[in-house]
Amino acid sequence: MTLFTAILPVFVVLLMLLTVWGIQRTIRNRFSRKTHFILMGAYMILLVAAFVAAEVIGHTKEMNHPPLSSAHQEKVDVEDAILAGKPVPEEELITERIHSVDGQLSLYHPGSDYDSIFYIERSKGNEKKVIERIYKPELTTGRDDFPSYDLSDYVKVNLPEWSESEMIFPDQPNQKLSFSSYYDSIVLNQFSRNEDSDTHVGSTIRYLIVHLIIPESIVLKNQMSPDYYIEVTRN
């Protein structure tokens, strides 16, 4: 199919050149009934070849569709797993970083948009390293009567900014995700004035999650609003 797709445009171009050559020859010579049918036949062949080329090339393009998301698919609840101390699947993890902190750590969220949630866990020991795990937000299309797509991997995320004694969490970027799929004939649809648009509004199912494991030896100065974080306690 790939070889055919590559040869077909060349064939169409050659056919167009032959048609132009035939027209020029007809103009130079006497326009007879036979040349009339030959010219019309060549023109019809050219139209059919162009139609087939447009359809084949259009439908064999590589499409970057997001994965389908099944409403019945069982997913691990990241928040419940963090609270229960259970492992979270790696595909939910954006990154895991380890930061060296000496003495104290300040947590600061200057924004006002509720676009993330922090889980703060204090671990025992005198270590000076903070473990930071960031789990991606979940975003899917929001219609039950249409195949639902999982757009989570397309959501852009601003990671926290760290210094020796401070973590600043920036606002998340504003973004618009748009995917289009066409199932009609590529050529015939050009002659139709009816536009069928179908917009699927994305539904945010889960916010961006940041899980911080901070040793008790580090003095914590949490300057974030209580709406942004949950303290994790272990027995």
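The values are calculated or read from the model by the stated rules, or taken from the named source; none is laboratory data. Values in this document were obtained by computation on a predicted structure and should not be read as measured data. Neighbour counts are summed over all protein chains in view; Cβ atoms, including those assigned to glycine, are modelled from backbone coordinates with ideal geometry. Ligands, DNA and RNA are stripped out before the accessible areas are found, and what is left, the full protein with its side chains, is counted by its heavy atoms. Shrake-Rupley method; radii C 1.70, N 1.55, O 1.52, S 1.80 Å.
Extension gain, GLU91-LEU18: 0.36 nm per intervening residue step, less the Cα-Cα distance, totals 20.7 nm. When nucleic acids and ligands are ignored and a 1.4 Å probe is applied, ARG234 ends up with an accessible area of around 100 Å². With the simple model of a label 7 Å out from the Cα in the direction of the Cβ, ILE38 to SER106 spans 8.8 nm.
Among residues other than LEU83 with Cβ under 12 Å from its Cβ, the summed charge is -3 (Lys and Arg +1, Asp and Glu -1).
When LYS128, LYS156 are compared by accessible surface with a 1.4 Å probe, the order from highest to lowest is LYS156, LYS128.
Sequence-ordered 3J(HN,Hα) estimates for the stretch 154-171 from the Karplus curve with 6.51, -1.76 and 1.60 and θ = phi - 60° stand at 9, 7, 7, 10, 8, 7, x, 9, 10, 10, 5, 9, 8, 10, 10, 9, x, 5 Hz, glycine and proline given as x. LYS129 sits with roughly 110 Å² accessible to a 1.4 Å probe, with DNA, RNA and ligands left out of the calculation. The peptide list 77-90, 158-171, put in order of mean Cβ contacts within 10 Å with the highest first, becomes 158-171, 77-90.
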